[in-house]
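Asks: Starting off with a structure, shown below.
The values are calculated or read from the model by the stated rules, or taken from the named source; none is laboratory data. All of these numbers come straight from a predicted model, not from anything done at the bench. Cβ atoms come from the backbone with ideal geometry, glycine included; neighbour counts cover every protein chain shown. To get the accessible areas, we keep the full protein, side chains included, count just its heavy atoms, and leave off ligands, DNA and RNA. Shrake-Rupley method; radii C 1.70, N 1.55, O 1.52, S 1.80 Å.
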Number of protein chains: 2
Amino acid sequence: MNIIIIGFGEMGKNIAQLASKKEQITIVGVVDINPELHGKLIKEFIEVKEEVTIVNEIAALSDVEADVAIITTGSEIENVAETILSAVKRNLNVVTIAEEMAYPWVKNRELSEKIDVISKQNNVSVLGTGINPGFILDTLIIVLSSVCYQVNKVKATRINDLSPFGPTVLNAQGVFRTVEAFHEGVENGEIVGHVGFQQSVALMAEAFGWDIDEVIEEKKPIITNVDRYVKGQLIKKGMVVGCNHSVIAKSKGKILIELEHPQQVQPEAEGIKTKDEIIIEGIPNLHMTIAPEIPGGIGTVAMAVNVLPHVIKAKEGLITMRDLPGLLSIFENMTDQVK
Amino acid sequence: MNIIIIGFGEMGKNIAQLASKKEQITIVGVVDINPELHGKLIKEFIEVKEEVTIVNEIAALSDVEADVAIITTGSEIENVAETILSAVKRNLNVVTIAEEMAYPWVKNRELSEKIDVISKQNNVSVLGTGINPGFILDTLIIVLSSVCYQVNKVKATRINDLSPFGPTVLNAQGVFRTVEAFHEGVENGEIVGHVGFQQSVALMAEAFGWDIDEVIEEKKPIITNVDRYVKGQLIKKGMVVGCNHSVIAKSKGKILIELEHPQQVQPEAEGIKTKDEIIIEGIPNLHMTIAPEIPGGIGTVAMAVNVLPHVIKAKEGLITMRDLPGLLSIFENMTDQVK
């Protein structure tokens, strides 16, 4: 399996690193817009088996034969659509970790339909994946529901720790702010919270046959009751250490989905354990916990690589995690397995 | 979707009951060997929309058009193979809850290959499914592994309560015996423990690309330290209240899979909580708990119904849970969903 990686930032590098370790995968091209990277070998940055030089655009790889492009250049459909289309037109299947591509119709139906039509014309599939959206708060819930007679309601919570992240992420969650400044940040769009609730809700609604008519998101400040620290920096008691972003999805006034994703630094300072928790109210009720939570970075990198053989075999067009043929696993279809 | 149910015992009845509630499913035939049932309407036993009369063999349904047969007549491949073949030769897809059919090659390769060939000749699929084997100690672990860079080892435990079960199940787990009589029962085959470890191990080994060369099963008595009760009957301290059945699977001397399934009456008498627990040792480590455990009876019935649309769409031949196209969900493909 020959792959091209588009976007050689933190996530692109980690995906390249993992992909290169798989015998069945060869990296045949890497694209990044950063001029400082152009002409450099990827093995100057990561330990890989391939002698691949970074180029500035996919057009520079016209003589390279590949099966899949992995796109890591943005979160929004509008930012990655052109790149997806350029890959698809070269008959490349596409895997992207752009959050909005986990269920892109909900944000931009027109562009989604365009990607669907053009990928079908070129006999390839396009999949948006990741850990959240893409697995914990949607796909895994759908998989668990397979043991249920009936699902009445889904509640899920993902509690993580922002401590490993840099200032961009911390600022986007309102860390270091006063409560007042947090609310200002939510209003002016500086505090983003989690990108992906709309996609997770739509993915589950489709799987469960639910007609969702109201989706309410809320961003609340997480105010610390004790002094907390992030990379040596003090955040005093009473200040904001993160954002508790949640969503409620209703049908005819009835709540069917509740998702909550409080992201904060040093939750253990107040005895809060990180975890993923899924509650399905139905027949039977199910209560699942993964503790500590599935790490978002590692998980997304793993998922982007693990889906590769499945995306190649999947039906053509713009697809979701629900369309993948066969259950995922880290080696599945990457070794010659004989029953 | 028109279905035929073969085997109208406890599980067959519950499957019929659930299937009948789905708008998209119609029961068009029911077969059972019990002469007392012949000629009776299934609605004399369960609340269903269908006017279906129970017949003695599938041949009696020659004028009935159906898509799938659900077979609930036994646990072993040798016991269900003839029934599967008779359905397949009528161009019916087959779902069976026979434990050994979750990965039948491991028990009887020749018969499995015969089923595979004949189902392909008739353009249909045959799937063995259930909760255990079929989901908790295999499929769910494979799904969770999709977020891993690497899986080094899998450990999983399912702790349940035998209290709801009747004397056949209790006897098969050694309940009421002395420790000595338990060991005798294991030796003479009266104590069966759990049927399905070999299948779960094989399903995971295939998914993870593991070459398992040694599989060791062990059945240990669960001896109660307090008086316990089942349906009013006393089991005195020191007696056996169940069977702790476990399996270890190795490759070149290294343990890769450890599964444990202690089944006992009234575990809470000693403060033991029922649960399903999965530990993946790898990158990252994962620790999942479902508490209380997924109920085996309800879960198996739900799964047998929920897989129906997927089995119809699946590739032809004898397949496993890993081959199902698309993730399962209770309504998936059972409603007209438009993106």
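Asks: Can you give the translational diffusion coefficient of chain B in µm²/s, computed by Stokes-Einstein from the Kirkwood radius over Cα pairs at 4 °C and 1.567 mPa s?
Replies: Numbers: Rh = 21.1 Å.
Calculated translational D: 61 µm²/s.
Asks: Then there is this: With each run of n ≥ 4 DSSP H residues scored as -39500 (n - 2.57), what mean residue ellipticity at 222 nm is computed for chain A after dividing by its residue count and rounding to the nearest 500 deg cm²/dmol? Spell out each step's value before the answer.
Replies: Details: 9 runs with 87 residues, N = 339.
The per-residue figure over chain A is -7500 deg cm²/dmol.
Asks: Report relative contact order for the stretch B:252-315 in percent, whole number only (criteria: Cα-Cα under 8 Å, sequence separation at least 6). Provide the component values of the computation, followed by the final result.
Replies: Values: 33 pairs, mean separation 12.8, N = 64.
RCO, the stretch B:252-315: 20 percent.
Asks: Related question: How large, in percent, is the carbon and sulfur part of the accessible surface of the protein assembly as shown at a probe radius of 1.4 Å?
Replies: On the way: 13070 of 27060 Å².
C and S fraction of accessible area: 48 percent.
Asks: Follow-up question, since we're still on this one. Just need the relative contact order of the stretch A:178-313 here, percent rounded to a whole number, with Cα pairs under 8 Å and 6+ apart.
Replies: 17 percent
Asks: When only Cα pairs under 8 Å and 6 or more residues apart are kept, what is the percent relative contact order across chain B? Numbers along the way, then the final one.
Replies: On the way: 729 pairs, mean separation 63.5, N = 339.
For chain B, the relative contact order is 19 percent.
Asks: Shifting gears a bit: Using every pair of alpha-carbon atoms in the protein assembly as shown, split the distances into 10 Å bins beginning at 0 and state the percent of pairs per bin, rounded to integers.
Replies: Calculated P(r), rounded to whole percents: 3, 14, 23, 26, 19, 10, 4, 1, 0.
Asks: Any chance you could check the Cα centroid distance between the stretch B:219-284 and the stretch B:150-209 for me, in angstrom?
Replies: Using only Cα atoms, the two centres lie 9 Å from each other.
Asks: Scattering from the C-alpha atoms of the stretch A:230-280 alone, worked out with Debye: what is log10 I(q)/I(0) at q = 0.14, 0.16 1/Å?
Replies: The computed values of log10 I(q)/I(0) come out as -0.53, -0.63.
Asks: Another question, then. Looking only at chain B, where both bridge partners belong to it, what percent of the DSSP beta bridges are antiparallel (to the nearest 5)? Each step should come with its number before you reach the end.
Replies: Numbers: 38 of 65 bridges.
Percent antiparallel among DSSP bridges in chain B is about 60.
Asks: Need one number: nm distance between label points at B:E36 and A:E258, each 7 Å from Cα along Cα→Cβ, rounded to one decimal.
Replies: Output for this residue pair reads 4.7 nm.
Asks: Also: Given a Förster distance of 45 Å, report the FRET efficiency between A:E76 and B:N91 from their Cβ-Cβ distance, rounded to the nearest 0.05. Can you show the working numbers first?
Replies: On the way: r = 48 Å, r/R0 = 1.06.
It comes to 0.40.
Asks: Report the net charge of residues surrounding B:S75, where surrounding means a beta-carbon distance below 12 angstrom and charges are Lys +1, Arg +1, Asp -1, Glu -1. Intermediate values should be presented prior to the final figure.
Replies: Working: positive: B:K107; negative: B:E76, B:E78, B:E99, B:E100.
Here the count lands on -3.
Asks: Could you run the Karplus curve 6.51 cos²θ - 1.76 cosθ + 1.60 with θ = phi - 60° over the stretch B:134-150 and give me ³J(HN,Hα) per residue in whole Hz, x for Gly and Pro?
Replies: x, 9, 5, 9, 8, 4, 4, 5, 4, 4, 4, 5, 5, 9, 9, 5, 7
Asks: Still on this structure: Which ³J(HN,Hα) values in Hz, rounded to whole numbers, follow from the phi angles of the stretch A:27-42 under the Karplus curve 6.51 cos²θ - 1.76 cosθ + 1.60, where θ = phi - 60° and Gly and Pro get x?
Replies: Residue by residue, the stretch A:27-42 yields 7, 10, x, 9, 10, 8, 7, 5, x, 5, 8, 4, x, 8, 7, 5 Hz.
Asks: Moving on. Tell me whether the stretch B:273-312 comes out rounded, prolate or oblate; compute the Cα gyration tensor, take square roots of the eigenvalues as a ≥ b ≥ c, and use a/c under 1.5 as the rounded threshold.
Replies: Because a/c hits 1.5 or more and a/b fails to exceed b/c, the stretch B:273-312 counts as oblate.
Asks: Okay, moving on. Beyond 16 Å, what percent of the Cα pairs of the stretch B:97-202 remain? List each step's numbers first, then the result.
Replies: Numbers: 3876 of 5565 pairs.
Every Cα pair in the stretch B:97-202 considered, those over 16 Å come to 70 percent.
Asks: Out of all DSSP beta bridges with both ends in the protein assembly as shown, state the antiparallel percent to the nearest 5.
Replies: Details: 80 of 134 bridges.
Of the beta bridges lying entirely in the protein assembly as shown, close to 60 percent run antiparallel.
Asks: Filter the cross-link list A:K275/B:K250; A:K275/B:K275; B:K89/B:K114; B:K21/B:K89; A:K155/A:K236 down to pairs whose alpha-carbon distance in this structure exceeds 21 Å. Write out the running numbers ahead of the final one.
Replies: Values: A:K275/B:K250 31 Å; A:K275/B:K275 17 Å; B:K89/B:K114 12 Å; B:K21/B:K89 28 Å; A:K155/A:K236 32 Å.
From A:K275/B:K250; A:K275/B:K275; B:K89/B:K114; B:K21/B:K89; A:K155/A:K236, over 21 Å: A:K275/B:K250; B:K21/B:K89; A:K155/A:K236.
Asks: So how much slack lies between B:A291 and B:E10, counting 0.36 nm per residue of separation and subtracting their Cα-Cα distance, in nm?
Replies: 98.6 nm
Asks: I've got another one for you. Within the stretch A:166-251, which trypsin sites (Lys or Arg not before Pro) sit in a loop by DSSP and count at most 12 neighbouring Cβ atoms inside 10 Å?
Replies: Values: sites: A:R177, A:K219, A:R228, A:K231, A:K236, A:K237, A:K250; in loops: A:R177, A:K231, A:K236, A:K237.
Here the sparse-neighbourhood loop sites are A:K231, A:K236, A:K237.
Asks: For the stretch A:142-291, I need the span (max minus min coordinate) of the C-alpha atoms along each principal axis, in Å, sorted largest to smallest.
Replies: Principal extents (largest minus smallest coordinate, Cα): 50, 32, 23 Å.
Asks: How much of A:E99 can a 1.4 Å solvent probe reach, expressed as accessible area in Å² and rounded to 10?
Replies: 50 Å²
Asks: A follow-up question, please. Using a cut-off of 14 Å between beta-carbons, work out the net charge of the residues near A:E268 (Lys and Arg +1, Asp and Glu -1, A:E268 not included). It would help to have the intermediate numbers written out before the result.
Replies: Details: positive: A:R228, A:K273, A:K275; negative: A:D161, A:D227, A:E270, A:E293.
Surrounding charge for A:E268 is -1.
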